[in-house]
Amino acid sequence: MTTASPQQMDLPFDSSPVRSNPVAQVRKTPAGKTGSGRRPSGGTGAAGKRSGRKSAESMAKQQREISVSEFFAKNRHLLGFDNKRKALLTTVKEAVDNSLDACEEAGILADLEIDVQQLAEDRFRVVVRDNGPGIVRQQIPNIFGKLLYGSKFHRLKMARGQQGIGISAAGMYGLITTGKPISIISRVGRNKEAHHFKVAIDTHKNRPEVSHDETVEVEWDHGTRVEIELVASFIKGRQGIGEYIEQTAIANPHARIVYRAPTGERCEYPRGVEDLPEEPREIKPHPYGIELGTLMKMLKTTESQKLGGFLQKEFSRVSGLVAKKVCAQSATTPLTWINGLDTATIEKLYNALQATKIMAPSTDCLSPIGVEAILSGLLKGVKAEFYTASTRSPAVYRGNPFQIEVGLAYGGQLGSSLVNGNGKSENAQARVIRFANRVPLLYRQSACSTFKAVLETKWSNYGVSQPRGALPQSPIIVLIHMASVWVPFTSESKEAIADYDEIRKEIKLALAETARRLGIYLRRKKKRIAYTQRRDVFTRYIHEVVESVRSMAVCDKEKLRRSLMELAERATLAADMEFDEHGKVVRKKRPDANPALADTVIVGAEDSAPEASTLFDDTTNGARRKRGAVKRPRKAARGKKRR
């Protein structure tokens, strides 16, 4: 076979008969072989031909185990590192969440210092230091250099972190983008030495690689300092670091946070309350929250030998009486040996557990923010005129206890009206702030169950305008917090809460409770404005009425004027309606408490927000004042009955 000359290869069309007719390149033979006497290859090579058929043995040699670090290194968008701006926020978020969790678990009021430094156009250094209990030297490499390593995954107890991925994933992202390992300085006590580590992650084996380990001198007695260098971008505004820290301060009023932005600005969020949140307690799994395979695994790993002891020891709310009922329905007894159970019996046992009526799990594993703390956080971070909050009773989904809290702020400096390009005013749109275990959720709002519950609430029933399928068109901030031992996030990045029916129902009930209080306030405020305008009309013509009467009859003009003024005030008593700092509706001449506005704070346009320490002081409750009380005028007696 001859090769083409360089001149022939440069031609746009090859005039060779073999090249012009591709079918002619292959000469058929009776054996189905090509002209060269070879079989057609089974694989495709570089020129589009198959490289040959592979055997099972050769394919088996290509298979190997994939570590979790290697998987997330290639799929880092699952952890919240899908773009530069979001990567910077996720890094700060993971470090702050770890610091707050450590401080609360150790019983320490948190003091956090967050410093974000810009080193180049797209290169930043994030430094977060806390005053927590610190980390022992042996655990530092594993905590920051290994994914899925932590102490919270197997505990049914409310906590910010759950999977043991966050901070180590942030360090892995920094290592991938800049080649710099994560730097940690930790000290566990005043009389202990501080240890400085530089840790990188071996993604192929999911294990830490320590490149630096020494003792250093620090000024603080205890705590941890984390430093990560990464490729990122910083932009002010919504879904940024500033908004995340602001919302964190609202949901954690017991923490003091100092934030230094890359632009040099320094923001300090002082501590709103001096009390730590109530410490949650760990509970056992509830029978309604397990699957058949989970039950089989628990039976293999339990230390109990008898079935009755296993049910009472390994599950929550299973008493001796409940264990007897479950055993009776599954054709077993509390004295049945666990190692003698077969698969069919275990399946009957599982069905009996699901069919038996068992008390809901204990709720002391939760630590909600609380009404007082929500109001304190809103007063500290939001300039409004009306504040209210509500905490629902604990509920259960899939055997996991959870609790929903809602805070609402209205009016004030939230922007009651805006001016569009045509010069016409339009109402501001409501804003939804979402939290899960005190952690702000800034992304994927439309996929979150909390946001869907806000859209489904009929705000027009409470005096708030709302377009169909949209947020209310009013200056409102809605804060929604879900506290649970296991928050059902839609992804590993923990950005949205899954849409369970039980969860959405509790959110809608809490929203309705706070919206009713807002509706009462808006109706009373509207009524006060209407009666104030009516009183203005009366007082405007009192002088002319007095002069007209004086021209027709002899009378004391001053006495008549005072009488008419008193009559106008009695007819428009609603114009004197006031709202005290405790959310109670009172009047100047007739104090009256309104229990429908409990757990509510109302601030006048010219007043300043009250101190958080005086929010729930009953001694200053304006509804209990008795001064200036005036009895209601008795109605005129009706005519006598006819005999």
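Each Lys or Arg adds one and each Asp or Glu subtracts one; over the other residues with Cβ under 11 Å from the Cβ of Pro334, this totals +3.
Packing here is the average count of other Cβ atoms within 10 Å per residue, and on that basis the peptides 64-71, 475-482, highest first, run 475-482, 64-71. Rounded, prolate or oblate for the stretch 134-281? Axes are the square roots of the Cα gyration tensor eigenvalues, ordered a ≥ b ≥ c, and the cut-off for rounded is a/c under 1.5. Note, shape of the stretch 134-281 comes out rounded. A cut-off under 11 angstrom between Cβ atoms defines the neighbours of Ile201, and their net charge, with Lys, Arg +1 and Asp, Glu -1, is 0. For the stretch 324-414, the list of chymotrypsin sites (Phe, Trp or Tyr not before Pro) that fall in a loop by DSSP and count at most 14 other C-beta atoms within 10 angstrom is empty.
Ranked by the mean number of other Cβ atoms within 10 Å per residue, highest first, peptides 340-346, 129-135 order as 129-135, 340-346. Among 235-243, 319-327, 555-563, the peptide with the highest mean count of other Cβ atoms within 10 Å heads the list, and the full ranking is 319-327, 235-243, 555-563.
A short reminder: the numbers here are calculations on the coordinates, not readings from a lab. A quick note: this is a predicted structure, and the numbers were derived from the prediction, not measured. Quick reminder, even Gly has a Cβ in these numbers, built from the backbone with ideal geometry, and neighbours come from all protein chains shown.
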